[in-house]
Every structure is written in structure tokens, then in C-alpha cells.
Amino acid sequence: MTTAAFSPTLSPEVSKALANRQPIVALESTIFSNLGLPTPANREALERCLRVIRELGAVPAVTAVLDGVARIGLRDDEHERILGAARKVAERDLAVAIGEGWNFGATTVSASLALAAAAGVRVFATGGIGGVHRGAELHGDVSADLSALARHPVVTVSAGAKSFLDLPRTLEMLETLGVPVIGHRCDEFPAFTVISSGLKLTHRIDDLDVLARVAAVRRQFGGGMLVCTPVPAAQAIDAAKMNDAINRALRTADSRGVTGAAVTPMVLAEIAADTSGEAVRANLALAENNARLAADIAVRLTPLS
Ligand code: PSU
Ligand code: MN
């Protein structure tokens, strides 16, 4: 007996774009929910990402589980729903969120990549991916984002990985998993709200047509790839300052005994509060910047396939 492959429910706009071979950029919903950004910055982030994708001639496709249905592409009135209280849905949680009929499951990078791949959407934008957490050699916390990047034939655009992670080990793990990591306008792995981690990348491609060609070839090999671009300089946070905020946030998480999936939302909220909005402004700027680059790639990749 065989089972049919899973397919998310497409919005009419995304369904039409797929049929007409128009460029589409998938977005996750966790960063826009209360797990990712405080109100009202989350609304602004979502609006800026949707707008810049449309301005470049691509169709935005937000992923989420709404009323127990896995979705890719939402109507405007439904976008409201992802700004609220959410339960976090990584790739492994999709079946539970659908089977139990969750009201709003906010999809992470791994869940969004699974839904994008199932729908045939080739490009995805986020803020910063999850990765190997600091201290993983003891507690083993490695984000499911990394293996999802390797398995799903989707291009992910991010400002590197979140700076409170162990970035050298995150890069090593991406190499182990066989995920090409390409810098766009940078030689070093970006550190989310900080311009650089100081870690050298193997590849840098500034030419968007070349980037799209590489993405098309990578797709033929069956896996994903990560394109990194730094936070815009005007909104970037000083590395030393960020490091202090991170250390305080991680100590707080530790003292409260927070572990697993709850770590990332808690640490993001602590850093937001600690930097009096500076980290949030940087987060908005980089999210929009990533959405723009993702749309630029999608527009060039679509005719190649
Ligand atoms: N980056 C952000 N905000 C976020 C996240 C990343 O700027 O909210 C989310 C993403 O959804 C990412 C998830 O997939 O955190 C990773 O969580 P974990 O470390 O539990 O795998
Ligand atoms: Mn984790």
C-alpha cells in the first residue's frame, strides 16, 4: 500500500503563480508571531516583507497551520492571524498540528521548507536560521532547520544564523550536511543583527544571475542551499554590545531552566528588551533585506527551470 504525498493548501494567488510559472517567495510565520517579534514590530516586519516581494514582481507565500490546515500563501485578512499567539511548529510537529487541528501553528524554517518543497516553491526568506546552540556538546540542542536545509530543494535567504548560537559549529554542521553556504556581498558568515561573525565563507557570489544559475543546478542535485547577506549597515548592532546582551539573555534562560524549542523565543525576547528596541529595528531591516534578495533570486530562477 502506498500513501499519497502531503501537499499544503495553496492560496489562489500562489496556485495561479505556480501554474503561470511566476516567481514566488515563501516566508515563515514564527518570526511574525509573538514567538519571534514583539507587537507592533511584527506587523511592520510582515508588511515590509510582503511589500518588497511584490514590488520586485514576485508573489509572497506565508506558511502556517491555520485551523489544522497546512497553508502556503494567505489572504490579507488571514495575515492578521499570524501576528498573534502561536504554538511553534517545526517540521516534525506538522503532523501533530494538522492531526490535532491547531488554531494557529507558527511554522519555523524547517516546517516552512517542508511546505515550500511540497508545493514546488523554490525560494524562501527568513531572518536568521536556527543552528547549533552554544553548549550543544553537552545538551545536544541543534535546530531542525539545518537538516531541513539539506533535504529540501529550496533556496533559503538569511542574515546568517542567530548570533546567540555557536556559529563556528553551525557552519561546520552545514558543511557536514552538504549544504552550500554562499555569501552575497559578504566574505564572512553574517551574525544576524551583527554584520559579521568573522567566520570566512567558502563562496561569495554578488552577481544575481550567477546566483540563480547556481540555485538551478543545486536543485538538480536535490538539496537546498543557504544564501547569506548581512544586516543593512545603518541598522547593524555593534558586535561587543550584542555579545553582552546575548550573554545576559542566555544566563536568564539558564537560570529559568528553559530548554528545547522554548529557548529561541525566550532569548529573542530578552535581547529585544535589553537593547531598547535596537535589536528589533535591526531584525526588521534584515528581514526586509532578505525578502528583497529572495525575490531578486526567484525572479531570475523561475525562467531557468
Ligand atoms: N530567526 C528570527 N526569529 C525567529 C526565528 C529565527 O529572527 O523567530 C525562529 C525561526 O522560525 C527558526 C526557529 O526556524 O526560530 C529556530 O528555532 P529552534 O532554535 O528551536 O530550532
Ligand atoms: Mn532547538
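The values are calculated or read from the model by the stated rules, or taken from the named source; none is laboratory data. Everything quoted here is computed from the prediction, not taken from an experiment. Note: ideal-geometry Cβ built from the backbone for every residue, glycine included; neighbour counts use all protein chains shown.
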Just a yes or no: is a residue in the range 66-86 within 16 Å of ligand 1 (Cβ to nearest atom) and either more than 18 Å from the chain's Cα centre (by Cα) or surrounded by fewer than 17 Cβ atoms within 10 Å (Cβ to Cβ) (or both)? yes
Note on the range 1-44: residues under 30 Å from LEU268 (Cα atoms) and touching a Gly at 6+ places or on another chain (Cβ under 6 Å) are THR30, ILE31
Exercise. Regarding GLU80, is this residue within 16 Å of ligand 2 (Cβ to nearest atom) and within 26 Å of VAL263 (Cα to Cα)?
Worked result: no
Every listed condition ((1) within 21 Å of VAL154 (Cβ to Cβ); (2) surrounded by fewer than 22 Cβ atoms within 10 Å (Cβ to Cβ)) holds for LYS241 save (1)
Residue within the range 207-219 that is surrounded by 16 or more Cβ atoms within 10 Å (Cβ to Cβ), farther than 23 Å from ILE31 by Cβ and free of Cβ contacts under 8 Å to residues at least 60 places away in the same chain present: yes
ARG21 fails exactly one of (1) part of a helix (DSSP H, G or I); (2) surrounded by fewer than 18 Cβ atoms within 10 Å (Cβ to Cβ); (3) charged (D, E, K, R); (4) at pLDDT 95 or above, namely (1)
Residues in the range 135-157 that are within 15 Å of ligand 2 (Cβ to nearest atom) and surrounded by 18 or more Cβ atoms within 10 Å (Cβ to Cβ) total 8
Scanning the range 252-267 residue by residue, those assigned to a helix (DSSP H, G or I), closer than 25 Å to SER110 by Cβ and among the hydroxyl-bearing types (Ser, Thr, Tyr) turn out to be THR264
Q.
Among the residues in the range 26-39, are any of a type in the set (Val, Ile, Thr), within 14 Å of ASN290 (Cα to Cα) and touching a Lys or Arg at 6+ places or on another chain (Cβ under 7 Å)?
A. no
Of the candidates ALA136, ALA148, ALA114, ALA144, the one satisfying the condition of being within 12 Å of ligand 1 (Cβ to nearest atom), farther than 23 Å from ALA285 by Cβ, in contact with a His (Cβ under 8 Å, 6 or more places away or on another chain) and at pLDDT 95 or above is ALA114
Listed by range, strands (runs of 3 or more DSSP E) wholly within the range 73-174 having at least 3 residues that are over 19 Å from ASN34 (Cβ atoms) are 123-125, 155-158
- Examine the range 45-64 for a residue that is within 17 Å of the chain's Cα centre (by Cα), among the small types (Gly, Ala, Ser), within 25 Å of MET266 (Cα to Cα) and within 16 Å of ligand 1 (Cβ to nearest atom), and state whether such a residue exists. yes
